[in-house]
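Just below is one structure, and these are the notes that go with it.
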Amino acid sequence: MPMGERIREARRKKGLSQEEVARELGISRQAVTKWEGEQSAPSAGNLKKLAALLETTPGRLLNGDTGEKAAAAEYYALFREEEARRAAQRREQGKKNIRMAACVLGGYLAVYLLGRLPALAGGGHSLLGWLLETDWQRLPYLYGWLTGHGIFWWAAAVSVLPALWGRWKFSWVTFAAFLLGLAVGEAAGSSPAAAPYGHGEYGWAIWGGIFLLAIGMGAALERLPPPDGKGLSRGQVRWGICFLSGIGLVVVLVRCLL
């Protein structure tokens, strides 16, 4: 008797439906249907949970009442194979995460170097002096404010570190918001009342509002399910609209309040 039939027979003896088995194991009903139809086989972990639910053993589901030792050996081999495959997947995922984090960090480093180009016009710099320039008069206003206060690298850490744990969407959303906030903030007009906080400008508040918004929106994007087919899902479209509306609201509020 094939394993699929043994699973079906054991399930029926317990008086369980495919839906009930799926719910208990935390899988879809279609997965149970495929097991019983010999279209796929349960993983070692699911086989163990299934055997416990049906009050039998993994060996009996694999090979029936005969050949229990052989069945146990087969189950153990299956378990070891899956463990090796999962370990390989974790290693590959770790490499991808490192590469993604390196890409995001590379983006911040590129912004850092590009923002220092105006300082070359004044001359009189060693390479180290140019890289560490903190004179706001020689640097773009908002860029100088971010680097001079160390906020630039804190923002980079907020974007880069989550990528190491596979939160790629969050990393790219916050990096894009960093760039957008920097561009909009640099273009913002002066606000003498904000001089103690932002060197006579309110671009710092626009950048900060956009970046903080991106942290929340990036976390929300990570929780959205991927689209079923090509293109964006409705949730992602709504997310984009909310994000853009939030950016506009940040700019309006800062200009009205400062």
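The values are calculated or read from the model by the stated rules, or taken from the named source; none is laboratory data. Fair warning: this is a prediction, and the values are worked out from it, not measured in the lab. Counting neighbours? That spans all protein chains shown, and the Cβs are built from the backbone with ideal geometry, glycine included. Accessible surface is based on the protein model in full, side chains and every heavy atom, while ligands, DNA and RNA are left aside. Shrake-Rupley method; radii C 1.70, N 1.55, O 1.52, S 1.80 Å.
Things to note:
- Search result, residues across region 1-10 that are open to solvent by 30 Å² or more (accessible area, probe 1.4 Å) and in a helix (DSSP H, G or I): Met3, Glu5, Arg6, Arg8, Glu9
Table: residues versus (1) closer than 15 Å to Ala176 by Cβ; (2) of a type in the set (Lys, Arg); (3) not in a loop (DSSP other than H, G, I, E, B).
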| position | (1), (2), (3) |
| --- | --- |
| Trp207 | yes, no, yes |
| Gly218 | yes, no, yes |
| Leu221 | yes, no, yes |
| Lys230 | no, yes, no |
| Gln236 | yes, no, yes |
| Ser245 | no, no, yes |
| Gly248 | no, no, yes |
| Val252 | no, no, yes |
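- Each residue in region 153-168 was checked for being modelled with pLDDT under 95 and open to solvent by less than 30 Å² (accessible area, probe 1.4 Å), and 1 of them qualify.
- Only residues that are assigned to a helix (DSSP H, G or I) and hydroxyl-bearing (Ser, Thr, Tyr) were counted across region 11-51, and they come to 1.
- Selection status of Glu92, outside any helix (DSSP H, G or I) and modelled with pLDDT of 85 or more: no
- For region 52-71, the candidate set comprises residues that are part of a helix (DSSP H, G or I) and open to solvent by 50 Å² or more (accessible area, probe 1.4 Å); within that set, the residue that is modelled with the lowest pLDDT is Glu68.
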